[in-house]
Amino acid sequence: MDLQVRHEGEYQYIDEGEGEVLLLLHGLFGALSNWNGVVDHFSKNYRVVIPLMPIYEMALHKAGVPGLSNFVEGFVKFKQLKDLTLLGNSLGGHVGLVYTLNNPGMVKRLVLTGSSGLFEDSMGGSFPKRGNYEYVEERVGYTFYDPKTATKELVDEVFSITNSNAKCLRIIAIAKSAQRHNMAKDITNIKVPTLLIWGLNDTITPPLVAYEFNRLMENSDLYFIDKCGHAPMMEHPQKFNSILEKYLEKTPITASSV
């Protein structure tokens, strides 16, 4: 489906369907389109909302995981959302963890896929070969089990980003913030039902990271998808959606009365 990007106030976002809210957070080099398969499938029975996080525009002194969590807080209040099922990929998972800890009454379920927060082998720390298209193509392909999942449009977009000094400064600041911000001691306090969907061949947040999330989060379920890298919802959307749908049915939520 073609996603309609809405503009309201300072926010750009996707808002499709009706029902329980699924709030989706993309990663550092992510885009709204990363979630196409999820929106297409779940907007039939849920309200799927995806804010475009201001990774490349935010003030440099705010460029980090806490700043992005504050942005999500502002967006949720602006849209008057509640009873969230929060899904985050990569950096989006990390931001979702911080948001959940800071707003425990707002999140009813948490879904993490390839999340940072414990460890990641990040592409964002530096760009030793900026301006080299082949290098960027190789690094984007590294995100997936099958490098062909990295379309020319995706590689072109990342290449464009890496050739902007202003965007690179923010990417590096956010990536370093994520690497410094280890959440091992904090996430034990998250008690909401948590679904972990991981690529068995993820080289950025390897399976060991998923096992560690599962160990530290007492109310979590872990599922692996074989022949899959760092973005399961892009590489194996049908399998991802099937796991998610069964989990949502298994963990019904009680809507807030307020």
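The values are calculated or read from the model by the stated rules, or taken from the named source; none is laboratory data. Only a predicted model underlies this, so the values are computations on that prediction, with no experimental measurement involved. Using ideal geometry, Cβ is built from the backbone for each residue, glycine included, and neighbour counts are taken over all protein chains shown. With ligands, DNA and RNA removed, areas are computed over all heavy atoms of the protein, side chains included. Shrake-Rupley method; radii C 1.70, N 1.55, O 1.52, S 1.80 Å.
Scanning the range 91-130 for residues that are of a type in the set (D, E, K, R) and open to solvent by 10 Å² or more (accessible area, probe 1.4 Å), which turns out modelled with the lowest pLDDT?
To start, the set of residues in the range 91-130 that are of a type in the set (D, E, K, R) comprises 108-109, 120-121, 129-130.
With open to solvent by 10 Å² or more (accessible area, probe 1.4 Å) added as a condition, the list becomes 108, 120-121, 129-130.
Numbers: Lys108: 97, Glu120: 66, Asp121: 60, Lys129: 57, Arg130: 62.
So, considering only residues that are of a type in the set (D, E, K, R) and open to solvent by 10 Å² or more (accessible area, probe 1.4 Å), the one modelled with the lowest pLDDT is Lys129.
Condition (residue is crowded, with 19+ Cβ neighbours inside 10 Å and either without any contact (Cβ under 8 Å) to a residue 40 or more places away in the chain or farther than 19 Å from Leu110 by Cα (or both)) applied to the range 71-78: is it met by at least one residue? Outline the logic, then answer.
So the first thing to find is which residues in the range 71-78 are crowded, with 19+ Cβ neighbours inside 10 Å, and the list is 71-72, 75-76.
Checking the rest, the ones that are also either without any contact (Cβ under 8 Å) to a residue 40 or more places away in the chain or farther than 19 Å from Leu110 by Cα (or both) come to 71.
Looking for residues that are crowded, with 19+ Cβ neighbours inside 10 Å and either without any contact (Cβ under 8 Å) to a residue 40 or more places away in the chain or farther than 19 Å from Leu110 by Cα (or both), one finds at least one in the range 71-78, hence yes.
Residue-wise test of (1) under 24 Å from Lys108 (Cβ atoms); (2) open to solvent by 30 Å² or more (accessible area, probe 1.4 Å); (3) of a type in the set (Ser, Thr, Tyr).
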{"site": "Gln12", "(1), (2), (3)": "no, yes, no"}
{"site": "Glu16", "(1), (2), (3)": "yes, yes, no"}
{"site": "Gly19", "(1), (2), (3)": "yes, yes, no"}
{"site": "Leu24", "(1), (2), (3)": "yes, no, no"}
{"site": "His41", "(1), (2), (3)": "yes, yes, no"}
{"site": "Arg47", "(1), (2), (3)": "yes, yes, no"}
{"site": "Val65", "(1), (2), (3)": "yes, no, no"}
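Please enumerate the residues belonging to the range 187-231 that are part of a loop (DSSP other than H, G, I, E, B), within 16 Å of Gly88 (Cβ to Cβ) and not charged (D, E, K, R). Let's see the steps before the verdict.
We begin by selecting, within the range 187-231, every residue part of a loop (DSSP other than H, G, I, E, B); these are 190-193, 200-206, 217-219, 226-231.
From what is left, the residues that are within 16 Å of Gly88 (Cβ to Cβ) are 190, 192-193, 202, 204-205, 217, 230-231.
Passing the criteria: Ile190, Val192, Pro193, Ile204, Thr205, Met217, His230, Ala231.
Within the range 51-70, is there a residue that is assigned to a strand (DSSP E or B) and modelled with pLDDT of 95 or more? I'd like the intermediate steps shown before the answer.
Initially, the range 51-70 is screened for residues assigned to a strand (DSSP E or B), giving 51.
Now drop any that are not modelled with pLDDT of 95 or more, which leaves 51.
The answer is yes; a qualifying residue exists.
Identify all residues within the range 182-216 that are of a type in the set (Asp, Glu) and open to solvent by 10 Å² or more (accessible area, probe 1.4 Å); write none if there are none.
Start the filter on the range 182-216 by keeping residues that are of a type in the set (Asp, Glu), which leaves 186, 202, 212.
Result: Asp186, Glu212.
If I filter the range 146-181 down to residues being touching a Ser or Thr at 6+ places or on another chain (Cβ under 9 Å) and either closer than 18 Å to Trp35 by Cα or not in a helix (DSSP H, G or I) (or both), which single residue comes out as most open to solvent (accessible area, probe 1.4 Å)?
Out of the qualifying residues, it is Glu153.
Would you check if Lys227 is open to solvent by 60 Å² or more (accessible area, probe 1.4 Å), at positive phi and modelled with pLDDT of 95 or more?
Details: open to solvent by 60 Å² or more (accessible area, probe 1.4 Å): yes; at positive phi: yes; modelled with pLDDT of 95 or more: yes.
Criteria met by Lys227.
I need every pair where a residue in the range 204-218 that is closer than 12 Å to Leu112 by Cα has its Cβ under 8 Å from the Cβ of a residue that is part of a helix (DSSP H, G or I), sequence separation at least 6 or different chains.
Phe213/Ile187; Met217/Ile187; Met217/Thr188
Using beta carbons and a limit of 7 Å, which pairs, at least six apart or on different chains, have the first residue in the range 148-165 and more than 14 Å from Gly131 (Cβ to Cβ) and the second one open to solvent by 20 Å² or more (accessible area, probe 1.4 Å) and not charged (D, E, K, R)?
Thr149/Met234; Ala150/Thr143
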